[in-house]
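Student: After the structure tokens below, expect a handful of questions from me.
The values are calculated or read from the model by the stated rules, or taken from the named source; none is laboratory data. All figures in this text were calculated on a predicted structure; none of them were measured in a lab. Counting neighbours? That spans all protein chains shown, and the Cβs are built from the backbone with ideal geometry, glycine included. Calculation scope for accessible area: heavy atoms of the full protein, side chains included, ligands and nucleic acids excluded. Shrake-Rupley method; radii C 1.70, N 1.55, O 1.52, S 1.80 Å.
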Amino acid sequence: MTKNPVVKDILKRYAQVWALRHSMAVLGWDTETHMPEGGARPRGIASGQLAVMSQQATIEMEGLVKKAERSKGLDDMEEGVVRELRRSLDYYLKVPPELVDEIQRVTTEATVVWRKARKKSDFKLFEPHLEKIVGLQRKVADKLGYEKHPYNALLDLYEEGFTVADADRVYSRLIPESKRLLARVTQAGVFPSKHPLESASYETEAMVKVNEEVIRVLDMPMDRFRMDVSTHPFTTQIASDDVRITTRYEGKDFKSSLYSTIHESGHAIYGLGIDQKLSYTPVGDGASFGIHESQSRFWENIVGRSREFVKLIDPILRKNLPFLGGYDDEQLYLYFNTVRKNFIRVEADELTYNFHTALRYDVEKKVIAGDVKVAEVPSLWDDTFEDYFGLRPKNDAEGVLQDIHWSGGSIGYFATYTLGNVVAAMIWHKMKDGALVRESLLEGDVVGLKEWLKTNIHRYGAIYTPKELQERAFGEAYNPERLLAYLNRKFLA
Ligand code: MG
């Protein structure tokens, strides 16, 4: 697949890195699904060792990567391979191992403290740890280097090439318009803020059947895919022919289990659609966190929360969940699309979700720049929340302490959730403002939608940067107008 002798060499050497990453993925999956508690310590040690080995094997390829960077006439795939390895090398070579170790130590402790602090709803407990984490991430930014804003270096870790300027452009358009939109939708009163089905209990076995039948509707290839159970649903791509998701069963409010399954299936469909020729290479994964999230959001929201999809899975739901007897399809649709101001991000609906990430983006940007002290974060959080929602969190647990991300050292991640919403709506727009989605679902067949996504996005894996990929597929990148148009059409038309 490559004729260039240097890239050929690189791919031969990369087989080792791939095998290590493959092993780490299996261990990570097992940790969340089947491992007994006692396995945590040895698992941590083994994973740490594998990570070091993978890092060393990558660093040993530096000479070859430099050689490839000097060679001319590389094709897109070859250039992608070199670019991806350069990104890894930059991180490994610029961020010293002592700093990586310190981050590991500090965040392991911080996560434990964060759980306690959230339980007690007391930010003061977490504050010194967050202080350390911000300091360390600031150091990472300095080591990596950046233009204009230190936060750019951190954003780039999750979304290659995405900057403060990009995020400001997206949010400055999205947030004021979403506020207006939310006010109009609330006033119109069509979409309820609460629904009786939210408190309806279900039998786990019945819901397992629903999810199994729904993944069949999504045409998941059962010889290359599997579904298990975990507390926090996730997807892991262990190989191009081995992609796994998890879902959860909480015993009531069945939409939470249903939409976790559809969301993760969206991530899986992406992984399964990557060109098989890219297997075992550095470009055999998705393009970025934002692009990956666009696939899960497309299936969860644009497909899964549409009237046509409700109609499609209606027989499955009614067969397995007898308590739905008194509700027609329109009621189900409204239950799946309740709109309410909620303090908790993970419970947010399509209309309010981006307020939550905008708030976190704003806080992170200011803290990393040193414009705001860590001690001031809770009041900045509450003030911004009040500005967006007209409500003020009553305590730290339903405010600044709700997410695990900061305790794990992730600063720069939250914006990718909104990029997922934005890019999903760009797909909707490209599919003739959703007409292709509606037609496919009315025919009861998602194969055409999957083919579209594979042709335009999936097959390229990480060959292109997320911006290049969007330019090729849509002729534009991170355009918030598409999301606003989609939301307007869905909630006000
Ligand atoms: Mg996701």
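Student: Evaluate the following for Asp241: is it more than 16 Å from the ligand (Cβ to nearest atom), at negative phi and of a type outside the set (S, T, N, Q)? Reasoning before the result, please.
Tutor: Values: more than 16 Å from the ligand (Cβ to nearest atom): yes; at negative phi: yes; of a type outside the set (S, T, N, Q): yes.
For Asp241, the condition - more than 16 Å from the ligand (Cβ to nearest atom), at negative phi and of a type outside the set (S, T, N, Q) - is met.
Student: Just give me the residues in segment 235-257 being in a helix (DSSP H, G or I) and either surrounded by fewer than 21 Cβ atoms within 10 Å (Cβ to Cβ) or not assigned by TED's automatic domain parsing to the domain that holds Val446 (or both), in sequence order.
Tutor: Passing the criteria: Lys255, Ser256.
Student: Scanning for something within 26 Å of Asp445 (Cα to Cα), outside any helix (DSSP H, G or I), open to solvent by 20 Å² or more (accessible area, probe 1.4 Å) and more than 11 Å from the ligand (Cβ to nearest atom), does segment 266-274 turn up at least one residue? First the steps, then the outcome.
Tutor: In the first step, residues of segment 266-274 are kept if they are within 26 Å of Asp445 (Cα to Cα); the result is 266-274.
Then drop every residue that is not outside any helix (DSSP H, G or I), which leaves 274.
Next cut, open to solvent by 20 Å² or more (accessible area, probe 1.4 Å) only: none.
So far as segment 266-274 goes, no, none of its residues is within 26 Å of Asp445 (Cα to Cα), outside any helix (DSSP H, G or I), open to solvent by 20 Å² or more (accessible area, probe 1.4 Å) and more than 11 Å from the ligand (Cβ to nearest atom).
Student: Hey, could you check segment 286-307 for residues that are open to solvent by 20 Å² or more (accessible area, probe 1.4 Å) and over 14 Å from the mean Cα position of the chain (by Cα) and say which is nearest to the ligand (Cβ to nearest atom)?
Tutor: Restricting to residues being open to solvent by 20 Å² or more (accessible area, probe 1.4 Å) and over 14 Å from the mean Cα position of the chain (by Cα), the top hit is Arg305.
Student: In segment 120-163, what count of residues is obtained for those that are of a type in the set (S, T, N, Q) and either touching a Cys at 6+ places or on another chain (Cβ under 8 Å) or closer than 13 Å to Gly409 by Cβ (or both)? Before the answer, list the steps.
Tutor: The initial filter retains those residues of segment 120-163 that are of a type in the set (S, T, N, Q), namely 121, 137, 152, 163.
Restricting the remaining residues to those that are either touching a Cys at 6+ places or on another chain (Cβ under 8 Å) or closer than 13 Å to Gly409 by Cβ (or both) gives 137.
Total meeting the criteria: 1.
Student: Please specify each residue of segment 475-493 satisfying the condition of being under 22 Å from Gly290 (Cβ atoms) and either among the hydrophobic types (A, V, I, L, M, F, W, C) or without any contact (Cβ under 8 Å) to a residue 60 or more places away in the chain (or both).
Tutor: Gly475, Glu476, Ala477, Asn479, Leu483, Leu484, Ala485, Leu487, listed by residue number.
Student: Before we move on, is Leu197 within 20 Å of Leu317 (Cα to Cα), within 16 Å of the ligand (Cβ to nearest atom) and aliphatic (A, V, I, L, M)? Give the derivation first.
Tutor: On the way: within 20 Å of Leu317 (Cα to Cα): yes; within 16 Å of the ligand (Cβ to nearest atom): no; aliphatic (A, V, I, L, M): yes.
It is false that Leu197 is within 20 Å of Leu317 (Cα to Cα), within 16 Å of the ligand (Cβ to nearest atom) and aliphatic (A, V, I, L, M).
Student: Something else: Would you confirm whether any residue within segment 453-472 is within 24 Å of Glu177 (Cα to Cα) and open to solvent by less than 40 Å² (accessible area, probe 1.4 Å)?
Tutor: yes
Student: To continue, here is another question. From the residues in segment 399-428 that are within 18 Å of Asp122 (Cβ to Cβ) and free of Cβ contacts under 8 Å to residues at least 60 places away in the same chain, which one is farthest from the ligand (Cβ to nearest atom)? Reasoning before the result, please.
Tutor: Of segment 399-428, the ones within 18 Å of Asp122 (Cβ to Cβ) are 399-404, 406-407.
Next, only the ones that are free of Cβ contacts under 8 Å to residues at least 60 places away in the same chain stay: 399, 403.
Working: Gly399: 23, Asp403: 14 Å.
Checking each candidate, the answer is Gly399.
One line per residue, one yes/no per condition, for (1) among the hydroxyl-bearing types (Ser, Thr, Tyr); (2) under 16 Å from Glu347 (Cα atoms); (3) surrounded by 24 or more Cβ atoms within 10 Å (Cβ to Cβ):
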site	(1), (2), (3)
Phe389	no, yes, no
Pro393	no, yes, no
Ala397	no, yes, no
Val400	no, yes, yes
Gly408	no, no, no
Leu419	no, no, yes
Ile427	no, no, yes
Asp433	no, no, no
Val437	no, no, no
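Student: Any idea which of Arg105, Arg87 is open to solvent by 20 Å² or more (accessible area, probe 1.4 Å) and under 23 Å from the mean Cα position of the chain (by Cα)? Working first, answer last.
Tutor: Details: Arg105 fails: under 23 Å from the mean Cα position of the chain (by Cα).
Being open to solvent by 20 Å² or more (accessible area, probe 1.4 Å) and under 23 Å from the mean Cα position of the chain (by Cα) holds for just one of Arg105, Arg87, which is Arg87.
Student: Please go through segment 150-167 and pick out each residue that is closer than 20 Å to Glu476 by Cβ and surrounded by 14 or more Cβ atoms within 10 Å (Cβ to Cβ). Step through it out loud before you land on a result.
Tutor: Within segment 150-167, the subset closer than 20 Å to Glu476 by Cβ is 155, 159-167.
Hits for segment 150-167 are Leu155, Glu159, Glu160, Gly161, Phe162, Thr163, Val164, Asp166, Ala167.
Student: So, one more: Checking Leu334 against (1) touching a helix residue (DSSP H, G or I) at 6+ places or on another chain (Cβ under 9 Å); (2) open to solvent by less than 60 Å² (accessible area, probe 1.4 Å), which single condition isn't satisfied?
Tutor: (1) is the only condition that Leu334 fails.
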